[in-house]
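*Asks:* Quick one: this structure, given as structure tokens, is what I'll be asking you about.
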Amino acid sequence: MSFDAYIAHSISYSDAFALERKNLGFLIENKLAIFVKHLPAMLHILYIIAIIAEAMTAALSAGRRDMDWVGVCIIAWVTALGGGTVRNILFNHYPMSWVEHPEYLVITAGAAILAAVIARLMTKMKTLFLYLDALGLVVFTIIGCQIAQQINLPATIVLLSGMITGCAGGVLRDVLCNEVPLLFRKEIYASASIVTGAVYLGIEYLGASDAVAIIIACIIGLALRLLSIKYNWQMPKFVYREEWH
């Protein structure tokens, strides 16, 4: 092969490689655009999965207190939908999600009754429901942050909104079942919610899109909660036993 032919062949190969990289870039960009387009729908699906899981675990808490089917459904509703309800009342944001979408009441009640029927089987799926609870925590937190942003609340209140949405339902469940709320114990639960919200706001502040902020915040928040479960990470406790008399 002559030198000129070699150069021509090299240029042709280089152009083909550049064209292939360009096409690959277009393909990746197109896939990302499709993913971002469907992200709200995916977040909604995760929300439905989360409220189902929360309702089912809440039904077991009601069963430990010997409640009838009405009590089981009420505890399920309070747990799955209570966080958003408390948030909306505090921030005067209406209508309630379960008023706008009454099917949420049917879904959570059905999940609770199903849990009561298969309670013995659910004890074998404890790990799965711990994972789903962690997923629900980060999804509820993101949704709570987004709603606070929609009504133009300051960043601190946005974080608080996310934590309330993620944690208040569990607090109400524990109070109604006469237990010390998980939020007030040593587990990394509210902290994971706050970290999720802080990462979400931080990524947005750096100029990234809402979709990127959601994905990164969910990954970090979920990883923190799951690692805390696996390795039994705990928050410091304040213990005081002395009486003032």
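*Asks:* Can you tell me which residues in segment 60-74 are in contact with a helix residue (DSSP H, G or I) (Cβ under 7 Å, 6 or more places away or on another chain) and closer than 10 Å to Thr108 by Cα?
*Replies:* Matches in segment 60-74: Cys73 only.
*Asks:* Let me ask something else about it. Please work out if Asp68 is at pLDDT 70 or above, open to solvent by 90 Å² or more (accessible area, probe 1.4 Å) and farther than 23 Å from Ile143 by Cβ. First the steps, then the outcome.
*Replies:* Details: at pLDDT 70 or above: yes; open to solvent by 90 Å² or more (accessible area, probe 1.4 Å): yes; farther than 23 Å from Ile143 by Cβ: yes.
Against the criterion (at pLDDT 70 or above, open to solvent by 90 Å² or more (accessible area, probe 1.4 Å) and farther than 23 Å from Ile143 by Cβ), Asp68 qualifies.
*Asks:* Then there is this: Regarding Thr156, is this residue under 20 Å from Met42 (Cα atoms) and either at pLDDT 95 or above or among the acidic types (Asp, Glu) (or both)?
*Replies:* Working: under 20 Å from Met42 (Cα atoms): no; either at pLDDT 95 or above or among the acidic types (Asp, Glu) (or both): yes.
When the stated conditions are applied, Thr156 does not pass them.
*Asks:* Which one is farthest from Gly136 (Cα to Cα) among residues in segment 75-103 that are open to solvent by 30 Å² or more (accessible area, probe 1.4 Å) and in contact with a Leu (Cβ under 8 Å, 6 or more places away or on another chain)?
*Replies:* Here the answer is Phe91.
*Asks:* Then there is this: What's the number of the condition Ala208 fails, among (1) over 30 Å from Asp66 (Cβ atoms); (2) in contact with a helix residue (DSSP H, G or I) (Cβ under 9 Å, 6 or more places away or on another chain); (3) assigned to a helix (DSSP H, G or I)?
*Replies:* Ala208 satisfies all of (1) over 30 Å from Asp66 (Cβ atoms); (2) in contact with a helix residue (DSSP H, G or I) (Cβ under 9 Å, 6 or more places away or on another chain); (3) assigned to a helix (DSSP H, G or I) except (3).
*Asks:* Going through Val239, Val195 one at a time, which residue ends up being of a type in the set (A, V, I, L, M) and outside any loop (DSSP other than H, G, I, E, B)? Spell out how you get there, then give the answer.
*Replies:* Working: Val239 fails: outside any loop (DSSP other than H, G, I, E, B).
Residue meeting the stated conditions: Val195.
*Asks:* I would also like to ask the following. Only one of Glu204, Glu243 is among the acidic types (Asp, Glu), buried (at least 17 other Cβ atoms within 10 Å of the Cβ) and over 17 Å from Leu81 (Cβ atoms). Can you tell me which?
*Replies:* On the way: Glu243 fails: buried (at least 17 other Cβ atoms within 10 Å of the Cβ).
Checking each option against the conditions leaves just Glu204.
*Asks:* Right, next: Identify, by number, the condition in (1) assigned to a helix (DSSP H, G or I); (2) at pLDDT below 95; (3) among the aliphatic types (A, V, I, L, M); (4) more than 20 Å from Leu90 (Cα to Cα) that Val180 doesn't meet.
*Replies:* (1)
*Asks:* Please specify each residue of segment 147-177 satisfying the condition of being open to solvent by 40 Å² or more (accessible area, probe 1.4 Å) and in a helix (DSSP H, G or I). Before you say what the answer is, go through the steps one by one.
*Replies:* Initial filter on segment 147-177 (open to solvent by 40 Å² or more (accessible area, probe 1.4 Å)): 149-157, 159-160, 163, 172, 175-176.
Within segment 147-177, Gln149, Gln150, Ala155, Thr156, Ile157, Leu159, Leu160, Met163, Leu172, Val175, Leu176 meet the criteria.
*Asks:* What's the number of the condition Val239 fails, among (1) over 17 Å from the mean Cα position of the chain (by Cα); (2) touching a residue at least 12 places away in the same chain (Cβ under 8 Å); (3) more than 19 Å from Val171 (Cβ to Cβ)?
*Replies:* With respect to (1) over 17 Å from the mean Cα position of the chain (by Cα); (2) touching a residue at least 12 places away in the same chain (Cβ under 8 Å); (3) more than 19 Å from Val171 (Cβ to Cβ), Val239 is out only on (2).
*Asks:* Within segment 211-230, how many residues turn out to be open to solvent by less than 60 Å² (accessible area, probe 1.4 Å) and either not in a helix (DSSP H, G or I) or not aliphatic (A, V, I, L, M) (or both)?
*Replies:* Total meeting the criteria: 4.
The values are calculated or read from the model by the stated rules, or taken from the named source; none is laboratory data. Treat the numbers as computed from the prediction; the structure is a model and nothing was measured. Note: ideal-geometry Cβ built from the backbone for every residue, glycine included; neighbour counts use all protein chains shown. For the accessible areas, the whole protein counts, side chains as well, though only heavy atoms, and no ligand, DNA or RNA atoms are used. Shrake-Rupley method; radii C 1.70, N 1.55, O 1.52, S 1.80 Å.
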